[in-house]
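Novice: Got a structure for you, written out below as structure tokens; questions coming shortly.
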Amino acid sequence: MLRESAIESKVCEIAKRNGWLTFKFVSPAHRGVPDRIFIREGQIVFIEFKAPGKKPTKLQAHTKIGRAHV
């Protein structure tokens, strides 16, 4: 079974090859934030990674960030 960290590493590797900036999102004061932020050409994507078969916590599922058009 794949670990969440292995999935996250592979996605970041592919993203960087395709011109995305990747940042680990760490917010000690706020639980439930996504794992990573990806930025490229004015687009910002937030991703919460999960190992196969794992589900987001109630807080993670509740903290959904919508699409913003600027």
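Novice: Scan the stretch 1-43 for residues that are in contact with a helix residue (DSSP H, G or I) (Cβ under 9 Å, 6 or more places away or on another chain) and open to solvent by less than 60 Å² (accessible area, probe 1.4 Å) and jot them down.
Specialist: Of everything in the stretch 1-43, those that are in contact with a helix residue (DSSP H, G or I) (Cβ under 9 Å, 6 or more places away or on another chain) and open to solvent by less than 60 Å² (accessible area, probe 1.4 Å) turn out to be Trp20, Thr22, Gly32, Val33, Pro34, Asp35, Arg36, Phe38.
Novice: Taking interchain pairs and intrachain pairs at least six residues apart, which have beta carbon atoms under 6 angstrom, with the first residue in the stretch 1-30 and closer than 14 Å to Phe46 by Cα and the second in a loop (DSSP other than H, G, I, E, B)?
Specialist: Within 6 Å, the pairs are Glu8/Phe49; Phe25/Val33; Phe25/Pro34; Ser27/Val33.
The values are calculated or read from the model by the stated rules, or taken from the named source; none is laboratory data. The model shown is predicted, which means the values in this text are computed figures rather than measured ones. Backbone-built Cβ (ideal geometry, glycine too); neighbour counts: all protein chains shown. To get the accessible areas, we keep the full protein, side chains included, count just its heavy atoms, and leave off ligands, DNA and RNA. Shrake-Rupley method; radii C 1.70, N 1.55, O 1.52, S 1.80 Å.
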